[in-house]
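Asker: I'd like to ask you about the structure that follows.
The values are calculated or read from the model by the stated rules, or taken from the named source; none is laboratory data. What you see is a predicted model; the values in this text were computed from it and never measured. All Cβ positions, glycine included, derive from the backbone under ideal geometry; neighbour counts span all protein chains shown. Surface accessibility is based on the protein's heavy atoms, side chains included, excluding ligands, DNA and RNA. Shrake-Rupley method; radii C 1.70, N 1.55, O 1.52, S 1.80 Å.
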Amino acid sequence: MPDRIRALAGAAALTTNPFEEALALQRAGQYEQAEAAYRLVVERNPQELRARVALGALLLATRREAEALQVLDAALKLAPE
């Protein structure tokens, strides 16, 4: 999957850090690819709070409130304080 993300990113400057790649995709306006990248980070590391919060924010920005609330709720359960 990371190779696919790199191919889709085109001119976006990517790093070898999957979370940073997701951020770069989002900044480049490639929201579907960024979502897939964030989900991949969470799948590989379910405790990755930054990716969950970023995914929730992306979902909110793309008007997918119900999905965003689920993702952000899961993030809150990881870090309730």
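Asker: Filter the stretch 56-81 down to the residues that are of a type in the set (D, E, K, R) and either farther than 14 Å from E32 by Cβ or in a loop (DSSP other than H, G, I, E, B) (or both) and list them by number.
Answerer: Scanning the stretch 56-81 gives R63, R64, E65, D73, K77, E81.
Asker: What is the one condition in (1) open to solvent by 60 Å² or more (accessible area, probe 1.4 Å); (2) at negative phi; (3) modelled with pLDDT of 95 or more; (4) of a type in the set (D, E, K, R) that R52 does not satisfy?
Answerer: Checking R52 against (1) open to solvent by 60 Å² or more (accessible area, probe 1.4 Å); (2) at negative phi; (3) modelled with pLDDT of 95 or more; (4) of a type in the set (D, E, K, R), the one that fails is (1).
Asker: Moving on to the next point. Can you name the condition, by its number, that L76 falls short on among (1) surrounded by 13 or more Cβ atoms within 10 Å (Cβ to Cβ); (2) at pLDDT below 90; (3) not polar (S, T, N, Q)?
Answerer: Unmet for L76, out of (1) surrounded by 13 or more Cβ atoms within 10 Å (Cβ to Cβ); (2) at pLDDT below 90; (3) not polar (S, T, N, Q): (2).
Asker: Hey, another quick one. Quick one: count up the residues across the stretch 29-48 that are in a loop (DSSP other than H, G, I, E, B), farther than 18 Å from R63 by Cα and open to solvent by less than 60 Å² (accessible area, probe 1.4 Å).
Answerer: Total meeting the criteria: 1.
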